[in-house]
Structures are given as structure tokens and as C-alpha cells.
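J.: Before we start, here is the structure in question, set down as C-alpha cells.
The values are calculated or read from the model by the stated rules, or taken from the named source; none is laboratory data. This is a predicted model, so every value here is computed, not measured. All Cβ positions, glycine included, derive from the backbone under ideal geometry; neighbour counts span all protein chains shown. Just the protein is used for accessible areas: all its heavy atoms, side chains included, with ligands, DNA and RNA removed. Shrake-Rupley method; radii C 1.70, N 1.55, O 1.52, S 1.80 Å.
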Amino acid sequence: QVQLVESGGDLVQPGGSLRLSCAAPELIFRFYTMGWYRQAPGKQRELVARITGDDTANYADSVKGRFTMSRDNAKNTVYLQMNSRKSADTAVYYCNAYSSIKQFWGRGTQVTVSS
């Protein structure tokens, strides 16, 4: 069973910053595209950001300029730095590892933006 372990979810005020982490097994981290998704109450799960092995990152329009995804190859960990938080960012954030054959999901971490 592949485990993706997320951490960092919290309650933050609007405009604040937060960083999420996701640790993956080494083989998964090396050969899969890593991503972050989120699911708000009553809404479908949506892609937030994705990063490839060569550090190319892509973002949803709703988070461009505010969120940054990065990876630490020595720690087999990806990060999602979230700045200028909005209430619309409130959701459960899931780590994802994707290939053309399989994909894996973490259990999710709750992020709430509220004053």
C-alpha cells in the first residue's frame, strides 16, 4: 500500500500564509508526477498544482501568483506554499502521485481560511 502523508493543514486568517507538505516513498517520488488537489464542501475535487520531475510546475488559474509548489528530492517531499489566502481556499487538500498506469492519493489535510 503506497502511502502519501500530508501535513501542515490549519486554520489561518485571510491574507495569511501556510505551507503543506507531502512525503512519498522514494520510487513514487522519483517516477510519478506529484500534485495537490483540493475539495471544498459540496464541490468536486479540483487540481491545484502539479510538478514534474524536472521541477516544471503548473497551477490552477485560481491560485496562480499566490501558491507555489516545490519539491525536495533529498527528502522525497513536495510542498505547497500558500500565500494571500482567501476564504475560497478553504478545503481538504490532497496529495496525489500520478502516472499513466496508476495514481495514488493521500488522506487529505484540512485548511480553513477564516477570521
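J.: Name the strands (runs of 3 or more DSSP E) wholly within region 22-115 that hold at least 1 residues that are touching a residue at least 60 places away in the same chain (Cβ under 8 Å) and touching a helix residue (DSSP H, G or I) at 6+ places or on another chain (Cβ under 9 Å)? Reasoning before the result, please.
T.: Numbers: elements: 33-39, 46-51, 57-59, 67-72, 77-82, 91-98, 103-105, 109-113.
It comes to 33-39, 77-82, 91-98, 103-105, 109-113.
J.: Same structure again: For the structure I just gave you, tell me whether Arg19 is under 17 Å from Leu4 (Cα atoms) and charged (D, E, K, R). If you could, list the steps in order and put the result at the bottom.
T.: Numbers: under 17 Å from Leu4 (Cα atoms): yes; charged (D, E, K, R): yes.
Yes; evaluated as a whole, the condition is true for this residue.
J.: Would you mention how many residues in region 71-85 are open to solvent by less than 20 Å² (accessible area, probe 1.4 Å), of a type outside the set (A, V, I, L, M, F, W, C) and over 14 Å from Val113 (Cβ atoms)?
T.: Filtering region 71-85 for residues open to solvent by less than 20 Å² (accessible area, probe 1.4 Å) gives 77-78, 80, 82, 85.
Next, from what is left, pick out any that are of a type outside the set (A, V, I, L, M, F, W, C): 77, 85.
Then drop every residue that is not over 14 Å from Val113 (Cβ atoms), which leaves 77.
Going through region 71-85 one residue at a time, the tally reaches 1.
J.: Might you check whether a residue that is basic (Lys, Arg) and more than 30 Å from Ser115 (Cβ to Cβ) occurs anywhere in region 13-21?
T.: Our first condition is that a residue be basic (Lys, Arg); within region 13-21, this holds for 19.
The next check asks that each one be more than 30 Å from Ser115 (Cβ to Cβ); those that pass are none.
No, the conditions are met nowhere in region 13-21.
J.: Might you check whether a residue that is closer than 21 Å to Thr112 by Cα, at pLDDT 95 or above, of a type in the set (Val, Ile, Thr) and open to solvent by 30 Å² or more (accessible area, probe 1.4 Å) occurs anywhere in region 36-48?
T.: No, region 36-48 contains no residue that is closer than 21 Å to Thr112 by Cα, at pLDDT 95 or above, of a type in the set (Val, Ile, Thr) and open to solvent by 30 Å² or more (accessible area, probe 1.4 Å).
J.: Keeping to region 47-76, report how many residues are under 11 Å from the mean Cα position of the chain (by Cα) and among the β-branched types (Val, Ile, Thr).
T.: Of the residues in that region, 3 qualify.
J.: Which condition number does Ala88 fail, the rest of (1) under 14 Å from the mean Cα position of the chain (by Cα); (2) hydrophobic (A, V, I, L, M, F, W, C); (3) under 21 Å from Val12 (Cβ atoms); (4) open to solvent by 30 Å² or more (accessible area, probe 1.4 Å) being met?
T.: Failed condition: (1).
Residue by residue, here is whether (1) of a type in the set (A, V, I, L, M, F, W, C); (2) modelled with pLDDT of 95 or more holds:
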| residue | (1), (2) |
| --- | --- |
| Arg66 | no, yes |
| Met69 | yes, yes |
| Lys86 | no, no |
| Tyr93 | no, yes |
| Ile101 | yes, no |
| Trp105 | yes, yes |
| Thr109 | no, yes |
| Val113 | yes, no |
